[in-house]
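A short reminder: the numbers here are calculations on the coordinates, not readings from a lab. The model shown is predicted, which means the values in this text are computed figures rather than measured ones. Here Cβ is always computed from backbone atoms with ideal geometry, including for glycine, and neighbour counts include all displayed protein chains.
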Amino acid sequence: MAEKLEARYRGGLASRKVEYGEHDDPMEVCFDRGWTDGLPVTPPTDERVLRMLKGTSRRPDEVIGRIPPNLIECTVEKVAINAVLAGCRPEYMPVLLAALEAALEPVFTLHGVLATTYFSSPILIVNGPIAKKIGMNWGLNALGQGNRANATLGRALNLIVRNVGGGRPGEADRATLGAPSKFTLCFAEDESDPGWEPLSVARGFPRGVSTVTLFQGHGVEAFVDQKSRTPEALTRSIAMSLVKIGHPKLVQSARAVLVLSPEHYAIYREGGWDRKRIERALYEATIRPGKELVAGADGVGEGVPASRADEMVPKFHDDALMVVRAGGSAGLFSAILPGWLAGRKREELQPVTKEVRA
Amino acid sequence: MTTTQWLRDPTAETTALRRERTRPPQSLEGLTIGLFDIGKTRSDEFLDRVEARLAERKLTVKRYAKPTNAKVAPAAVIDKVADEADVVLIALSD
């Protein structure tokens, strides 16, 4: 009601009004205008946009940055309008604004993530108290459907790229096949075990600070091992799946997120392994003899140059693996989120973490 | 009764500008041809071959590169190409 009165008597929004006839369906107007990712969106009325803006203390005319591919300045108001489209609640705005800031850091290479022929898009991983405050899911089906914050935050970021930046499939977005995760892939980390170092802390933020980490990747590849019972055995087992990213004979080009489920995590915890030890052990377990990986080996054309036949070749760069805890309590399954195969120059392409501020 | 209803535009509110395309030259004689390496794997090998073919025809070639295919070219590189080359060969990538 307050927003209704505000809209009627004060207005104050700067974005263009798009008028429609009394017999038009506003949902269809949004489709016709090309504002959607293919699913219906919430029509951005003045009331909804004003309500969304109440979720942040930042001014509506503040410019967050330039959105690729068209490098158009994006204001907080445009973020709010797209948040309405995506179905966000106002209290998600601080996370969305932090995610957008992360996406616009040059090392995230948002233009490249959009334009690539590969499957990737931004994946959002939320840490800290904000996750609980806005009701995010890190438990059962954390990577799946059904939670409004998870579903709409990832979607809103992709809609900003589409609508403000002009990044559309078949235009600047050249994905050969794409992936369902290009609609949305956003989840929170399970921080219920005080013995576990959250991703945000591993990436340099104090415990208790809310952050969002953006990763260039797609989801989800299943990992199943119901029989390994030691950290060493489980590590070797996970490594067998990790080396398949992209192609078993492609190396040092992709990062990866391992989403470790509670039952797999319990094996590491009981063995006294922490995040650093798990990530290091996985890096080492994915080093293989070059002769198995050279182009032509096993009759497969793909592979590394013949000159590397006598090397021991790592699958990943040594900073390329991020372990995140999530998932329901039952199931000896974990998930791999493969990264963009563009890491030949790894210093130019990295995940980015930003603090979530009110 | 007619009521005016509206939504707020989520886009950049820009309008595409139509511009006349520059006409391709009738001949490459006397022009500087820019070969732009976009940083994809082995694109340098491909451009080496193109350069050799153009050199056989005694044409003037200049080479340019952006650091990585994962990002747009730095403005300084684009300016240099615009200043020095009459025509440019570039591939589409990321």
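Once Rh is set to the Kirkwood radius over Cα pairs, what Stokes-Einstein translational diffusion coefficient, in µm²/s, holds for segment A:219-338 at a temperature of 10 °C and a viscosity of 1.306 mPa s?
Stokes-Einstein gives a translational diffusion coefficient of 107 µm²/s.
Quick one: P(r) of segment A:163-298 from all Cα-Cα pairs, 10 Å bins, percents rounded to integers, in order of increasing distance.
Pairs per bin, as whole percents: 9, 32, 34, 19, 6, 0.
How would you rank A:261, A:237, A:329, going from fewest to most other Cβ atoms within 10 Å of each one's own Cβ?
A:329, A:237, A:261
Residue B:6 to residue A:89: FRET efficiency via 1/(1 + (r/R0)^6), r the Cβ-Cβ distance, R0 22 Å, to the nearest 0.05? Let's see the in-between values first.
Details: r = 23 Å, r/R0 = 1.04.
Calculated transfer efficiency: 0.45.
Testing the spin-label approximation: label points 7 Å from Cα along Cα→Cβ at residue A:229 and residue A:148. State their distance in nm.
In this crude label model, residue A:229 to residue A:148 measures out at 4.6 nm.
So how long is each side of segment A:138-179 along the principal axes, counting just the alpha-carbon atoms, biggest first, in Å?
36, 23, 11
Could you estimate the translational diffusion coefficient of segment B:50-94 from the Stokes-Einstein equation, with Rh from the Kirkwood formula over C-alpha pairs, at 25 °C and 0.890 mPa s, in whole µm²/s?
Taking Rh from Cα pairs, D becomes 205 µm²/s.
Viscosity 0.692 mPa s, temperature 37 °C: give me the Stokes-Einstein translational D for chain B in µm²/s, with Rh taken as the Kirkwood radius over C-alpha pairs.
The estimated diffusion coefficient comes to 200 µm²/s.
If I fit a long axis through the Cα atoms of helix B:75-84 and take the longest principal axis of the Cα atoms of chain B, what angle between them do I get, 0 to 90°, rounded to 10?
50
Percent antiparallel among DSSP beta bridges with both residues in segment A:221-358, to the nearest 5?
Working: 11 of 17 bridges.
The antiparallel fraction comes to roughly 65 percent.
Applying 1/(1 + (r/R0)^6) with R0 = 56 Å to the Cβ-Cβ distance of residue B:23 and residue A:183, what FRET efficiency is obtained, to the nearest 0.05?
0.85
Could you list the residues of segment A:246-263 with an amide nitrogen less than 20 Å from a label point located 7 Å from the Cα of residue A:117 in the Cα-to-C-beta direction?
Inside the label zone: A:246-255.
Hey, rough spin-label estimate for residue B:46 and residue B:88, points 7 angstrom out along Cα→Cβ, what's it come to in nanometres?
Result for the modelled spin labels: 1.6 nm.
Would you mind telling me which residue in A:106, A:231, A:94 has the biggest mean-square fluctuation in a Gaussian network model of chain A, where springs connect alpha carbons within a distance under 10 angstrom?
Result: A:106 has the largest fluctuation of those listed.
Skipping prolines and chain starts, which residues have an amide H placed within reach, meaning under 5 Å, of the one on residue A:323, given they are 5 or more residues away or on another chain?
For residue A:323, the qualifying residues are A:258.
Roughly how many Å is it from the Cα centre of segment A:283-358 to that of segment A:118-145, as a whole number?
Comparing the Cα centres of segment A:283-358 and segment A:118-145, I get a distance of 22 Å.
At 0.36 nm per residue, and after removing the present C-alpha to C-alpha distance, how many nm does the segment from residue A:330 to residue A:132 gain when stretched out fully?
Details: separation 198, 0.36 × 198 = 71.28 nm, distance 2.13 nm.
This chain segment gains 69.1 nm when fully extended.
From zero up to wherever the largest Cα-Cα distance of the protein assembly as shown sits, split into 20 Å bins and tell me the percent of pairs in each.
Bin by bin from 0 Å, the calculated values are 22, 49, 26, 3, 0.
Run the paramagnetic zone check for residue A:244: 7 angstrom along Cα to Cβ, then residues of segment A:108-130 with backbone nitrogen under 18 Å.
A:119
Could you tell me which of the pairs A:133/A:182; A:78/A:133; A:78/A:315; A:78/B:62; A:133/A:315; A:249/B:66 are separated by over 32 angstrom between their Cα atoms in the structure shown?
On the way: A:133/A:182 26 Å; A:78/A:133 24 Å; A:78/A:315 41 Å; A:78/B:62 43 Å; A:133/A:315 38 Å; A:249/B:66 27 Å.
With Cα atoms farther than 32 Å apart: A:78/A:315; A:78/B:62; A:133/A:315.
Please list, by residue number, every one of the GluC sites (Glu not before Pro) in segment A:1-108 that is coil in DSSP and has at most 14 other beta-carbon atoms within 10 Å.
When the GluC sites (Glu not before Pro) of segment A:1-108 are filtered for loop state and at most 14 Cβ neighbours within 10 Å, A:22, A:62 remain.
Taking only the alpha carbons of segment A:1-135, what extent do you get along each of the three principal axes, in Å, biggest first?
44, 35, 27
Among bridges DSSP assigns within the protein assembly as shown, what percent are antiparallel (round to 5)?
60
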